[in-house]
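Structure first, commentary second.
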Amino acid sequence: MLKAKIAVLVSGGGTNLQAIIDAQNSGVIKSGEVALVISNNSGAYALTRAENAGIKAVCISKKELKTQEAFESAVIAALEENGIDLIVLAGFMSILSESFTSRYDHRIINIHPSLIPSFCGQGYYGLKVHEAALKKGVKVTGATVHFVNEIPDGGEIIAQKAVEVMDGDTPEVLQKRVMEQAEWIILPQSVEKISAELINEK
Ligand code: GRF
């Protein structure tokens, strides 16, 4: 069976990458396979997760490559070398230019740890998202999977899942609940959905 070839872009712990790997092994993801993991951070534990799963993992460092153009050219070369169809941003903390996102129109998806359009856009990432939700006093938050375009967290929404905010939540406790109850569920589901659409197009 023809499968979409997936690249997962990471920067940190890689728990969302792990959810994708586990979903591939359990059969939740059957229309795609992770062929490549790219990290912009050489210390990312996500790289270890990829290696443990036998998945090709490369570090492409913007620090070393100096310019955004050089960084994106190196990423594009790796994507093309590996025949990638779908790019998944999973805890990826680097900006991608409009020329990059338009090159892969509707073939880049991202997981954001809030219910977009709340707590998203410039400056809202990682724990900052949950700090803002707690500061605002929302009773429900969650996660969103969306297509990536030139607007930070601006592309069409693919999936969302709500998570309750509990009294006494700290940003770390809320982050973990959103990951466990939302991110690690809707990201694999969305990877399968978009992979299936892509191979049906071929
Ligand atoms: C997660 O909260 C994710 O929503 C955000 O980055 C955080 C780290 O994710 N995009 P991971 O553990 O590296 O997958």
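The values are calculated or read from the model by the stated rules, or taken from the named source; none is laboratory data. Note that the coordinates shown come from a computational prediction; the quantities given were computed from them, not determined experimentally. Heads up, the Cβs are rebuilt from the backbone with ideal geometry, glycines too, and the neighbour counts pull from every protein chain shown. Surface areas here come from the heavy atoms of the whole protein model, side chains and all, with no ligands, DNA or RNA. Shrake-Rupley method; radii C 1.70, N 1.55, O 1.52, S 1.80 Å.
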- line: From DSSP H assignment alone, runs of 4+ in the chain each adding -39500 (n - 2.57), the sum over residues rounded to the nearest 500 puts [θ] at 222 nm at -11500 deg cm²/dmol
field: GluC sites (Glu not before Pro) restricted to segment 55-157 and DSSP loop, no more than 11 other C-beta within 10 Å
entry: Glu156
Percent accessible area from carbon and sulfur atoms, the chain, protein chains only, probe 1.4 Å: 52 percent
message: Probe of 1.4 angstrom, ligands and nucleic acids ignored: what's the accessible area per residue over the chain, in square angstrom?
response: 48 Å²
task: Averaging sequence separations of C-alpha pairs under 8 Å and six or more residues apart, then dividing by the length of the chain, give the relative contact order as a whole percent.
output: 23 percent
- prompt: Once the whole set of protein chains is in place, how much accessible area is left on Arg103, using a 1.4 Å probe, in Å² to the nearest 10?
  reply: 120 Å²
field: Phi-based couplings in Hz for segment 134-139 (Karplus 6.51, -1.76, 1.60; Gly and Pro marked x)
entry: 5, 5, 6, x, 5, 9
query: Under 5 Å between amide H atoms, partner at least 5 residues away or on a different chain: which partners does Asn41 have, H built in plane at 1.01 Å?
result: Ile60
- prompt: Which pairs, out of Lys128/Lys193; Lys56/Lys193; Lys161/Lys202; Lys5/Lys176; Lys3/Lys202, put more than 18 Å between their alpha-carbon atoms?
  reply: Lys128/Lys193; Lys56/Lys193; Lys161/Lys202; Lys5/Lys176
field: Karplus-derived 3J(HN,Hα), 6.51/-1.76/1.60, for each residue of segment 61-70, Hz, glycine and proline x
entry: 9, 5, 4, 6, 7, 6, 10, 4, 4, 5
- request: Give a residue-ordered list of calculated ³J(HN,Hα) values for segment 77-86 (Karplus: 6.51 cos²θ - 1.76 cosθ + 1.60, θ = phi - 60°; whole Hz; x for Gly, Pro).
  value: 4, 5, 5, 6, 4, 9, x, 6, 9, 9
message: Please list, ordered by chain and number, the residues whose modelled amide H lies under 5 Å from the amide H of Leu9; skip anything fewer than 5 residues away on the same chain.
response: Ile38, Val88, Leu89, Ala90
